[in-house]
Structure formats: C-alpha cells, structure tokens
Amino acid sequence: MSDQPRRPRKPAKPYRRPKKDPVRVLAFEALRAVDERDAYANLVLPPLLRKARENDDFDARDAALATELVYGTLRRQGTYDAVVAACVDRPLREVDPPVLDVLNLGAHQLLGTRIPTHAAVSATVELARVVLGDGRAKFVNAVLRKIAQDDLDGWLERVAPPYDEDPEDHLAVVHSHPRWVVSALWDSLGGGRTGIEELLRADNDRPEVTLVARPGRATTTELLDEEAAVPGRWSPYAVRLTEGGEPGAITAVAEGRAGVQDEGSQLVALALANAPLEGPDRMWLDGCAGPGGKAALLGALAAERGAVLLASEKQPHRAGLVAKALAGNPGPYQVVAADGTRPPWRPGSFDRVLVDVPCTGLGALRRRPEARWRRRPEDLDGFAPLQRGLLRTALESVRAGGVVGYATCSPHLAETRAVVGDLLKQFPDAELIDARPLLPGVPNLGEGPDVQLWPHVHGTDAMYLALVRRTG
C-alpha cells in the first residue's frame with residue numbers, strides 16, 4: 001500500500017438540463033415527419049408554426065428561421081449527406097435517421113446560413129441533448145466540429161468528384177439532386193453545362209409566393225395593396241409577394257376570391273382558355289381538377305364567356321377541395337368525383353378540356369424539395385399508363401374542332417413529349433396547336449409547338465403544356 005496521500009477527487013459537475021430551443025425543436029419535428037410519414041414540408045410546417053405562435057415567445061422571426069432551417073436542410077440534403085459521410089466513421093446508412101436529421105440541421109447552419117459557427121454548433125448540440133440524449137449529443141458535437149473546420153466551397157472540393165471525371169455526379173453533389181434527376185433534367189434541357197447548373201441552382205432557391213386574382217371576384221389592384229406585393233411577370237392575374245408572408249391573412253385569399261397559384265400554372269389555364277376554337281364555346285372540362293387552383297381560374301374565365309365548367313377529380317376528399325376553391329364562382333359550374341379514365345360523361349361533350357396529369361413533380365422541386373429524394377426512376381413507369389389514359393379520355397371527350405390541353409408539372413421527357421407523341425399516333429384526327437402565341441410576352445419558349453417553362457428562365461415551376469385540336 002502506498003504511503004502517498006490520495007488526491008482529493010474533483011467534484012462532479014452538476015447535471016445541467018438541456019435548454020429547449022423551440023425553433024430548432026420545431027424544425028427537427030418537421031424533418032422527422034417528412035422522413036417517417038412521407039409527409040410534405042409545405043403541409044407539415046404551417047400547423048406546427050400556428051401552434052408555436054400560440055406561445056408568446058415565438059414570433060415572426062422565429063417562424064422565418066424555422067422555415068429556413070427546414071427547407072434549407074431538405075434542399076441541400078444531398079450535399080450535407082456527403083459532408084457528414086466524410087466526417088463519420090461508419091457508412092451513412094448506419095447512422096440513425098433522427099441523428100442524421102440533427103447533423104444535417106447543424107450542417108445547414110454551418111454551411112448554408114450566416115449563423116456564427118460557435119452558435120450553430122452549440123445550438124445544435126443542445127438540440128441533440130433534448131431530442132436524442134446526452135450520449136448521442138457527444139457524437140453530434142464531434143461531427144459538427146469537424147464540419148466547422150471548412151466552409152461550403154471547401155467541402156465541395158473535397159466531397160464532389162471533379163466535373164471532368166463525372167459531370168453528373170459532380171452536379172448531383174454540388175447542387176444536391178439525385179444523379180438520375182440531374183440526368184433527366186439535362187436531357188430535357190438539351191443544352192450545355194450552363195443551362196443545367198442554372199436550373200439546379202434555381203431548384204435550391206426559395207420561391208416567392210404568387211397569388212392569382214380570380215377574374216370577376218378580385219383584382220390585381222386589390223392584391224397589390226398588400227405589403228411587398230408586385231405584379232406578376234407574365235400572367236395578368238398574378239401578384240408576387242416578394243417577402244413571403246402569410247397568404248391566408250390576406251382578405252381576398254381568406255374569402256376565396258384570390259388564391260395561391262404559381263404563375264406557370266396560371267399560364268397553362270390561360271393558354272387553354274384562349275386557344276382558338278372552331279364552333280361553339282359552351283362546355284369546359286377540368287379532368288384532373290384537384291386541389292382546385294386551375295379549376296377556380298378556369299371557372300372564372302368560363303363565367304366571363306357564359307360557358308360552364310365541369311371539374312372532375314377522382315379522390316372524393318380532393319373533389320371537396322375543388323368545390324371549396326370554386327365556391328362563389330360568378331358563373332355555373334359542377335364538381336364531380338369521377339375517374340378521369342372511366343368518365344361518366346359522353347364522348348365529344350366538351351369544347352375545351354384540360355388534363356393536368358399526376359406526375360413525378362420534378363418541376364416543383366423549389367416548393368417540394370423532399371420530392372427529389374422520395375422519387376425513383378421506376379416511378380415513371382407507374383405514372384405512364386395513367387398519364388396516357390387521361391390524355392386518351394380527354395381526346396375522346398372533346399368534340400371535333402375542340403381543344404385539349406395536356407399539362408404536367410414535370411419536364412421529364414417521358415412525362416411530356418413521349419406521352420403526347422404516343423397518343424397522337426392513336427388519334428389521326430388530332431393535331432398539335434402552337435401554344436407559344438397563347439403565352440404572350442413570355443420569352444424563350446423554344447421551337448414549339450409545345451411549351452416547357454423553367455424556374456431559371458421564367459421564374460415559374462417547370463410546367464409543360466401541349467395543346468391538341470380534334471380535327472374530326
């Protein structure tokens with residue numbers, strides 16, 4: 001036994017309860033809902049924010065930060081995954097999803113915001129203590145300190161393969177898109193590196209909120225009285241809110257006289273409404289009407305001409321949303337819950353038909369960033385029969401001399417020109433109309449006769465439109 005006296009033990013540090021940061025906890029809850037329930041952030045986040053605002057400590061700045069953390073993390077998830085993978089000692093698939101969500105939230109604060117490094121690390125570690133526990137918080141702390149050693153450009157040089165060696169994978173990592181999406185968008189653009197990089201950057205930009213003043217019910221003048229409101233770029237009914245805000249707080253929107261609608265979606269409806277017809281113009285059909293934005297605009301335009309709109313939607317709950325959007329329409333209309341591929345109406349019943357078909361949604365990645373990680377190439381095969389079936393029914397539903405608009409919020413060639421081309425082979429009495437003159441003032445619409453809009457060119461979702469006239 002040693003004669004040396006024992007050194008007194010240092011008193012243990014008292015346990016400190018983690019501080020609950022409501023902004024970051026809310027952002028984490030939203031990310032978990034997106035991952036666990038396949039939810040969409042634009043549906044999950046608003047109710048979480050409304051509940052948080054009931055707390056006097058949660059103000060508009062907190063809501064803005066929470067929104068940025070959620071959407072920024074989702075948009076740059078691919079990039080942050082690559083960075084985190086370089087900082088952990090195991091394959092990324094072996095990191096628990098809640099831990100990875102916290103790490104990506106921290107990576108976004110470090111690499112994608114102006115939050116000071118110390119604040120970003122300490123706040124994220126504190127979040128980890130709250131939602132993961134002290135043990136895993138130590139792991140989060142160690143990883144974030146590695147990430148904090150470089151900025152985004154430095155990390156991209158380390159984790160992205162050189163462009164000359166693998167251009168698609170380089171762009172996928174740098175601009176945070178799955179490789180197959182990069183390849184598909186590049187094919188749709190048909191151009192060089194500049195176009196694809198501009199598009200991928202635009203997909204990662206926060207989109208403005210765009211409103212539509214429904215004709216006969218609201219005016220753009222009324223909407224332009226709102227703070228930070230400016231006219232739309234292309235649609236005469238569009239107003240943009242340059243500083244975001246809560247659209248539901250606007251009187252015209254709350255009353256259903258106006259709505260939130262991307263300008264590309266407005267242009268599709270306007271082009272169909274203004275396409276030249278041969279013969280009467282009394283009956284219009286929206287064959288895929290849910291959730292009702294285009295139907296509400298078409299219904300208002302039809303009412304101005306004394307025409308009747310039939311809005312059809314397969315899912316009853318979505319048909320209810322269409323009915324709500326059309327409530328108060330100044331002219332006659334009807335909403336039915338019906339399968340657009342097995343319709344209850346007779347062939348040749350309509351003068352104008354719009355089918356905005358279900359698709360992969362690759363044209364709206366600005367608004368639904370999680371869709372890029374959720375979709376798979378095989379999803380195209382699942383949508384293809386439905387898209388062709390809906391266009392086939394639309395062509396059968398329009399009379400000779402009438403016009404069909406085929407629209408989709410995807411630029412993928414398999415969902416656009418391939419569908420239209422296949423159906424035109426089956427309908428020798430149908431022909432494409434040049435849609436470009438029906439979007440007056442909109443530049444860079446390509447060689448036609450169909451139209452593809454782009455976020456980086458037009459500031460809209462990547463909506464596709466082909467107009468087809470039945471000739472016999």
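The values are calculated or read from the model by the stated rules, or taken from the named source; none is laboratory data. Source: prediction; values computed, not measured. FYI the Cβ positions are ideal-geometry reconstructions off the backbone, even for glycines, and counts take in every protein chain you see. Note: areas computed on protein heavy atoms with side chains; ligands, DNA, RNA excluded. Shrake-Rupley method; radii C 1.70, N 1.55, O 1.52, S 1.80 Å.
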request  = State the dimensionless ratio Rg/Rh of the range 420-461 (Rg: radius of gyration of Cα atoms; Rh: Kirkwood radius).
outcome  = 1.08
key: Part-to-part distance (alpha-carbon centres) for the range 16-51 and the range 296-337, which is given in Å   = 35 Å
message = If I histogram all Cα-Cα distances within the range 193-238 using bins 5 Å wide from 0, what percent of pairs lands in each bin?
response = 5, 19, 22, 15, 13, 11, 9, 5, 1
query = Using only helices, what value at 222 nm comes out for the chain when you add -39,500 (n - 2.57) per DSSP H run of length 4 or more and divide by the total residues, to the nearest 500 deg cm²/dmol?
reply = -14000 deg cm²/dmol
ask   = Can you work out ³J(HN,Hα) from phi for every residue in the range 222-233, in order, using Karplus 6.51 cos²θ - 1.76 cosθ + 1.60 and θ = phi - 60°, giving whole Hz and x for Gly and Pro?
value = 4, 5, 5, 6, 6, 5, 6, 9, 9, x, x, 7
message = Could you work out the pair-distance distribution P(r) of the range 227-267 from its alpha-carbon pairs, with 5 angstrom bin width and percents rounded to whole numbers?
response = 6, 24, 30, 29, 12, 0
inquiry  = Rounded to the nearest angstrom and ordered from largest down, what semi-axes does the equivalent ellipsoid of the range 369-456 get from its C-alpha gyration tensor (root of 5λ)?
reply    = 23, 20, 10
inquiry  = Placing +1 on the Cβ of each Lys and Arg and -1 on the Cβ of each Asp and Glu in the range 291-443, which of Gly331, Val403, Gly389 has its Cα farthest towards the positive end of the resulting dipole?
reply    = Gly331
ask   = Which one of Asn141, Thr460, Ala218 has its Cα pushed farthest toward the positive end of the charge dipole of the chain, where Lys and Arg give +1 and Asp and Glu give -1 at the Cβ?
value = Asn141
ask   = How long are the three semi-axes of the equivalent ellipsoid of the range 71-178, in whole Å, if each is the root of 5 times an eigenvalue of the C-alpha gyration tensor, listed from largest down?
value = 24, 14, 12
note = Expressed as a percent, the accessible surface of the chain that is carbon or sulfur, using a 1.4 Å probe and the full set of protein chains, is 49 percent
task = Would you give the gap between the C-alpha center of the range 96-127 and the C-alpha center of the range 155-198, rounded to a whole Å?
result = 26 Å
request  = Could you provide, to the nearest whole Å², the per residue accessible area of the chain with probe 1.4 Å?
outcome  = 47 Å²
key: Sequence-distant residues sharing a close amide H with Ala400 (under 5 Å, placed H)   = none
Translational D in µm²/s for the range 313-472 (Stokes-Einstein at 20 °C, 1.002 mPa s, Kirkwood Rh from C-alpha pairs) = 127 µm²/s
query = At Asn55 and Glu165, where each label point lies 7 Å from the Cα along Cα→Cβ, what is the point-to-point distance in nanometres?
reply = 4.6 nm
key: Reduced Cα scattering model of the chain, Debye log10 I(q)/I(0), q = 0.05, 0.12 Å⁻¹   = -0.23, -1.08
